[in-house]
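To keep things clear, I will list the structure first and then write my remarks on it.
The values are calculated or read from the model by the stated rules, or taken from the named source; none is laboratory data. Keep in mind it's a predicted model, so treat the numbers as computed, not measured. Don't worry about glycine lacking a Cβ; one is built from the backbone with ideal geometry, like all the others, and counts go over all protein chains shown.
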Amino acid sequence: MLPFIRSDLVQLNAYKPHPSSDTAEPVATQLDRLDTNESPYDLPPELKQKLAWTYQQVIETNRYPDGGHEILKNAIAQYVNESAGLSPPLFTAVNISVGNGSDELIRSLLIATCLGGEGSILVANPTFSMYGITAQTLGIPVVVVARNEADFEIDLQAAQSAIEKTQNPPIRVVFVVHPNSPTANSLTATELTWLRGLSEQVLVVIDEAYFEFSQTSLVAELAQHPNWLILRTFSKAFRLASVRVGYCVGHRDAIAILEKVRLPYNLSSFSLAAASVALQNRSLLLESVPQTISERAKLIAALSRHSTLQITESAANFIFVRLKPNNSDSQDIGLNSLYHELSKQGTLVRQISKGLRITVGTIEENSRTINRVQAILTKPTN
């Protein structure tokens, strides 16, 4: 350990976005990359050509990008209002902050709320790990509560108790994902009632990274809850994972603070252009969403036929698969074996929280996933 490094970072594990690439076992030449919840569809060629032209003819690489993001913020506000059916519009550019993916926004809001020993955060595991990892890198305590193992609803009694009893520092931020990753379940009515009842001393961060697939949002309630912030991303339905653009929607005072703590010029000119083009062509890009939802249903139906598998209802572009406990009707493959066998055959999935998170891919990829799981589960043991 280098003597000038903080001692608490020794035990911290770095986030690994592509754990499948770390395996030493042989895999097939053709890979179905269903482990990171990306869209399986690239941008259409005509949009790539438009962006290439923009890079050649418009972007000056010797100049800094638009540090205020005003054009993109206005476009995002229009999309948020439109997608929520808000008339008259509720949001303008002052309600939007843009970041290098949602990760930067998570970091900024933690800096704005908890840094310097002023607060801790609450998460309900399993959930997106970057909330806890980012907090730990900043020296911010993380309070963890569990979820119901049957339906992954948050243990609200434990969560409320934690908020009431945690001091020095108190819980300042509660993170929830709607729908949750990796388990794919949306917030329940009971969970929403609890969130609505939290004190305005607590910031509620609602991550809607998969909104376009769930079509369920809480943005219309932001006016009644100035202590709520909603995170979204262009990395999923908008097919822009490579350019890293996320955004936050909230009360103008909270957004103003986020703008104070974010790094200057945090998005490249190309990223700003890509997000703007995506919004201008959102009808085209979001045409793939109904097919993803249809394919999700096919995956769930096909895999649910196996008596050893338990599939959580999904409102996202992925499904969460577990092995049923103490099932003797078929071969006991084991989760780890299923994960590695799929990897060997070329289907990369995420093994996490005692389950497999499988991204919904193309029709062909999903068909291969179903066939490979079927073959693995029915393969005779020696």
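Tell me, which residue of the range 136-162 that is assigned to a helix (DSSP H, G or I) and hydrophobic (A, V, I, L, M, F, W, C) is surrounded by the most Cβ atoms within 10 Å (Cβ to Cβ)? If we take residues in the range 136-162 being assigned to a helix (DSSP H, G or I) and hydrophobic (A, V, I, L, M, F, W, C), then A159 is surrounded by the most Cβ atoms within 10 Å (Cβ to Cβ).
Here V177 meets each of (1) closer than 24 Å to E313 by Cα; (2) in contact with a helix residue (DSSP H, G or I) (Cβ under 8 Å, 6 or more places away or on another chain) with one exception, condition (2). Applying the condition of being in contact (Cβ under 8 Å) with a residue 40 or more places away in the chain and under 15 Å from V10 (Cα atoms) to the range 131-153 and asking which residue is farthest from the chain's Cα centre (by Cα) yields G139. The test for being modelled with pLDDT under 95, more than 30 Å from V144 (Cβ to Cβ) and either touching a strand residue (DSSP E or B) at 6+ places or on another chain (Cβ under 8 Å) or buried (at least 20 other Cβ atoms within 10 Å of the Cβ) (or both) does not hold for L72.
Here E46 passes the criteria (1) charged (D, E, K, R); (2) touching a residue at least 24 places away in the same chain (Cβ under 8 Å); (3) surrounded by fewer than 16 Cβ atoms within 10 Å (Cβ to Cβ) except the one numbered (2).
Over 30 Å from K48 (Cβ atoms) and part of a strand (DSSP E or B): is that true of V249 in this structure? Taking the combined requirement at face value, the residue does not satisfy it.
Filtering the range 47-76 to residues that are within 23 Å of R262 (Cβ to Cβ), of a type in the set (A, V, I, L, M, F, W, C) and in a helix (DSSP H, G or I) leaves I71, L72, A75, I76. Looking at T127, is it part of a loop (DSSP other than H, G, I, E, B) and either under 24 Å from A315 (Cα atoms) or at pLDDT 95 or above (or both)? So T127 passes the test. For V321, indicate whether it is touching a helix residue (DSSP H, G or I) at 6+ places or on another chain (Cβ under 9 Å), among the aliphatic types (A, V, I, L, M), crowded, with 20+ Cβ neighbours inside 10 Å and not in a helix (DSSP H, G or I). Yes.
Selection over the range 188-218 of residues that are more than 25 Å from D253 (Cβ to Cβ), charged (D, E, K, R) and over 15 Å from the mean Cα position of the chain (by Cα) gives a count of 1. For the range 300-314, check the following and say yes or no: at least one residue is charged (D, E, K, R) and either closer than 22 Å to S214 by Cβ or touching a helix residue (DSSP H, G or I) at 6+ places or on another chain (Cβ under 8 Å) (or both). Yes, that holds for at least one residue.
In the list R372, R350, which residue meets the criterion of being farther than 26 Å from P126 by Cα and at pLDDT 95 or above? Of R372, R350, the one residue that is farther than 26 Å from P126 by Cα and at pLDDT 95 or above is R372. Is one or more of the residues making up the range 298-319 within 28 Å of L47 (Cα to Cα) and without any contact (Cβ under 8 Å) to a residue 40 or more places away in the chain? No; the residues of the range 298-319 include none that is within 28 Å of L47 (Cα to Cα) and without any contact (Cβ under 8 Å) to a residue 40 or more places away in the chain. Only one of the numbered conditions (1) assigned by TED's automatic domain parsing to the domain that holds V277; (2) in a loop (DSSP other than H, G, I, E, B) is not met by Y79, and that is (2). Summed over the range 197-236, residues that are in a loop (DSSP other than H, G, I, E, B) and either not hydrophobic (A, V, I, L, M, F, W, C) or not assigned by TED's automatic domain parsing to the domain that holds N100 (or both) total 14.
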